[in-house]
Amino acid sequence: MKKVITYGTYDLFHKGHYRLLKRAKELGDYLIVGVTTDNYDDSRGKLNVQESLMKRIENIRNSGLADEIIIEEYEGQKINDIQKYDIDIFAIGSDWLGKFDYLKEYCEVVYLERTKGVSSTELRAQNNGILNLGVVGYGRIANRFIQESKFVSGVNVEGAFGRNEDSLKKFIERHELKFYSTNYEEFLKNVNAVYIATPHLTHYEYAKKAIQNGVHVLCEKPIVLDANQAKELYELAKDKNVILLEAIKTAYSPGFIRLKNVAKSGLIGKIKNIDATFTKLITDKNHFAEDKCIEKDGFGEVEVTPGIEERIRELNSKKGGGSITELATYPLLAIIKLLGTNIEDIDFFSYFDKNDKVDMFTKVNLRYKDAIATAKVGLGVKSEGDLIISGTKGYIYVPSPWWKTEYFEIRFENFSNNKKHYYKFEGDGLRYEIAEFVSMINNNRLETYKLTSEESIAIINIIEKFLKGYNLKKI
Ligand code: CTP
């Protein structure tokens, strides 16, 4: 008996899939179809798959072509499957030409011509339309955002808004965007969604106007520095039936979501303490660049000219600068995702700059009913950026940079029980938040469990407490 195997996501099962399976089956007597899990697709950066694994399996079963269906969960599984199932032929569409030649060591490899004019990507676009997105701001993060958006299907960055026409024009040319505007009302008329990447203090007005105009908003963190403003914006978004999402990339990344689930599964017992640190010395060349700086992205190095505010904002108290406002969202995210929003008590210890204006380093202590936590952030003090989640049976160690969660270790008193977990964090990771944003819009889901409005408001509430000097002790 000649056994054939093929693999795919098979989202929104279409004619191209059917024809491929039919020809693959004809190559032998028995066809095995491997269907990718959501997790595997996430980890290889295939975002926005619309149908669940069960639904995709059902579609293949209904085609009547597969003799056996298996799931593909990890990179490198194909070699194992070929040996395990004693496969004679590996077949795949011609879009993969040459990519699987390494399997020739194990079986025959056949590339079948892909059916022209149909793909899951196109069907997704037909079903949902393409989201027409505009970027508010043209600084470093906006540059990265545009590169990352190319990895998410169903969204096109079409234009940009900014105050400085010269910089805006350069930005548009560099990214080959269709339009720009220095008039926000005009700009909003040309987009269905915006990504706000301007300095903190401008977020509120930009977000509010967009929401009022029925435009979905993905806003850089922290959305605002005042919890009441945050509540107002989330409520307004609900009233207007538009999405407001905070761009804390870690919250949407597959590794972090796994980490949270493992930590809460009881494996390390009851969580009693969390230590989360994020420091970023602003002596970094990017922050003191005279005119230009080199920004690395997925496509190599690009020259970026940050706006003047961008360069000094981090240390400017009038512009909402400081370690807490700049950096605290990440460690507070970890703490709130793991311990919740019912914080009983909080205090801050800070080291301020010589003018006593902005915090160069702050330690936040949080007390919950059954647990305690510490977040450390610094623009002027460097420390190890790790995350430790301590429980009654063991602890989880996530090395720096924990906010790009790719690896963590579960450790026990008896270290022979230790376990290591690895995940992929693709590119700059912004693609995960973009994918979630697009999926929420397409499915009209106003909330996401990955970061609820309640959690976002709780983080902003802590930042606000700090800015108001609540339980703040300076050294
Ligand atoms: N395939 C094909 N002809 C098409 C589309 C897909 O022969 N028009 C083949 C692929 O080459 C692969 C299998 O079907 O062998 C499963 O592909 P998959 O990636 O699930 O489908 P796509 O439509 O290519 O999905 P996407 O647009 O999300 O990449």
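What the table below lists for this structure:
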read-out: Hz values of 3J(HN,Hα) by residue in region 188-197 - Karplus curve (6.51, -1.76, 1.60), Gly and Pro given as x; value: 5, 5, 9, 9, 9, 8, 10, 10, 8, 10
read-out: Sequence-distant residues sharing a close amide H with V194 (under 5 Å, placed H); value: G134, H216, V217, L218
read-out: Extension gain, K84 back to K2 (0.36 nm per residue minus Cα-Cα distance, nm); value: 28.1 nm
read-out: Alpha-carbon Debye profile of the chain, log10 I(q)/I(0) at 0.06 Å⁻¹; value: -0.31
read-out: Karplus (6.51, -1.76, 1.60) ³J(HN,Hα), θ = phi - 60°, over region 388-399, in Hz, Gly and Pro reported as x; value: 10, 10, 9, x, 6, 10, x, 9, 10, 10, 10, x
read-out: Amide hydrogen neighbours beyond the local backbone of N213, cut-off 5 Å, H modeled; value: none
read-out: For the chain, calculated [θ]222 nm from helices alone, where every DSSP H run of n ≥ 4 adds -39500 (n - 2.57); value: -10000 deg cm²/dmol
read-out: For H14, H216, order by how many other beta-carbon atoms lie within 10 Å, fewest first; value: H14, H216
read-out: Value of relative contact order over region 1-120, rounded to a whole percent, pairs C-alpha under 8 Å and six or more apart; value: 34 percent
read-out: Isotropically averaged projected area of region 311-445, using the convex hull of Cα atoms (one quarter of hull area), nm²; value: 11.5 nm²
read-out: Principal-axis tilt of helix 53-63 within the chain, Cα atoms, nearest 10 degrees; value: 20 degrees
read-out: Placed amide H near G269: partners under 5 Å, 5+ positions off or other chain; value: K393
read-out: Relative contact order of region 362-475, pairs being alpha-carbon contacts under 8 Å that are 6 or more residues apart, as %; value: 11 percent
read-out: Degrees separating the helix 453-467 axis from the principal Cα axis of the chain, which is the longest one; value: 30 degrees
read-out: Dipole-positive endmost among L188, A237, A263 within region 181-264 (Cβ charges, Cα centre); value: A263
read-out: Listed residue (N442, Y422, S400) projecting farthest to the positive dipole end of region 397-442, Cβ model; value: Y422
read-out: Size of electric dipole in the chain: Cβ of Lys, Arg +1 and of Asp, Glu -1, about Cα centre, debye, nearest 20; value: 560 debye
read-out: With eigenvalues of the C-alpha gyration tensor scaled by 5 and rooted, region 378-473, Å; value: 28, 24, 15
read-out: Rotationally averaged projected area of region 106-163 (alpha carbon convex hull; nm²); value: 6.8 nm²
read-out: Highest to lowest packing among 200-209, 466-475, scored as the average C-beta count within 10 Å; value: 200-209, 466-475
read-out: The chain: relative contact order in percent, alpha carbon pairs under 8 Å with at least 6 residues between; value: 15 percent
read-out: Table column - 3J(HN,Hα) (Hz), region 160-166, Karplus curve with 6.51, -1.76, 1.60, x for Gly and Pro; value: 9, 10, x, 8, 9, 4, 4
read-out: Inter-label distance, nm, simple model (7 Å from Cα along the C-beta direction), N342/S63; value: 5.0 nm
read-out: Principal-axis tilt of helix 15-26 within the chain, Cα atoms, nearest 10 degrees; value: 40 degrees
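Bear in mind these aren't lab numbers, they're just calculated from the coordinates by the rules spelled out. Bear in mind the structure is a predicted one, so any value in this text is a computation, not a measurement. When we count neighbours, we look across all protein chains shown, and the Cβ atoms used for this are built from the backbone with ideal geometry, even at glycine.
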